């Protein structure tokens, strides 16, 4: 299989890996999200999948297609299964990358709510069918 030339996304990912590569591998083994090499050859490839899905907000099918173009053929169902197991690992990586600071409590009567707005499309849709907002 012929690999595609690197894109700016790819270059950014490589820079990120240079900053945290030993931690990614150690923590992937510690959290047992990477136990053997098959289609996903190393923990860095697994992190690439996580970032394509969570960071760039690609669908499972898009992640599978991009990974197939860059590395090895993989299905969207295989991507979903791997991502499902990665939750605690990603949380630990984020904690390592983004150390928490002590934040002052909000004044009484105020609260902080985070909202996410996602668009939902039916199969073969040309645009957004629904918007889902979660707080």
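In table form, for the structure just shown:
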quantity	calculated
Selection from the stretch 68-87 of residues that are under 21 Å from residue 27 (Cβ atoms) and without any contact (Cβ under 8 Å) to a residue 24 or more places away in the chain	81, 84, 87
Subset of the stretch 114-135 [farther than 30 Å from residue 27 by Cβ, assigned to a loop (DSSP other than H, G, I, E, B) and touching a strand residue (DSSP E or B) at 6+ places or on another chain (Cβ under 9 Å)]	121, 122, 127, 128, 129, 135
Test result for residue 82, more than 27 Å from residue 40 (Cβ to Cβ) and either at pLDDT 75 or above or in a helix (DSSP H, G or I) (or both)	no
Residues located in the stretch 29-62, provided they are at pLDDT 85 or above and either touching a strand residue (DSSP E or B) at 6+ places or on another chain (Cβ under 8 Å) or not in a helix (DSSP H, G or I) (or both)	31, 32, 33, 34, 39, 40, 41, 42, 58, 59
Total residues in the stretch 95-121, condition without any contact (Cβ under 8 Å) to a residue 24 or more places away in the chain and surrounded by 10 or more Cβ atoms within 10 Å (Cβ to Cβ)	5
In the stretch 31-47, the residues that are closer than 16 Å to residue 88 by Cα, out of contact with any helix residue (DSSP H, G or I) (no Cβ under 6 Å at 6 or more places or on another chain) and surrounded by 12 or more Cβ atoms within 10 Å (Cβ to Cβ)	46
Residue that is modelled with the lowest pLDDT [pool: residues in the stretch 88-113 that are part of a loop (DSSP other than H, G, I, E, B) and either within 30 Å of residue 30 (Cα to Cα) or touching a strand residue (DSSP E or B) at 6+ places or on another chain (Cβ under 6 Å) (or both)]	103
When residues of the stretch 48-61 are limited to those that are surrounded by 15 or more Cβ atoms within 10 Å (Cβ to Cβ) and touching a residue at least 24 places away in the same chain (Cβ under 8 Å), the one nearest to residue 123 (Cα to Cα)	53
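The values are calculated or read from the model by the stated rules, or taken from the named source; none is laboratory data. Note that the structure is predicted; figures quoted are calculated from it, not measured. Note that we place each Cβ from the backbone using ideal geometry, even for glycine, and neighbour counts take in every protein chain shown.
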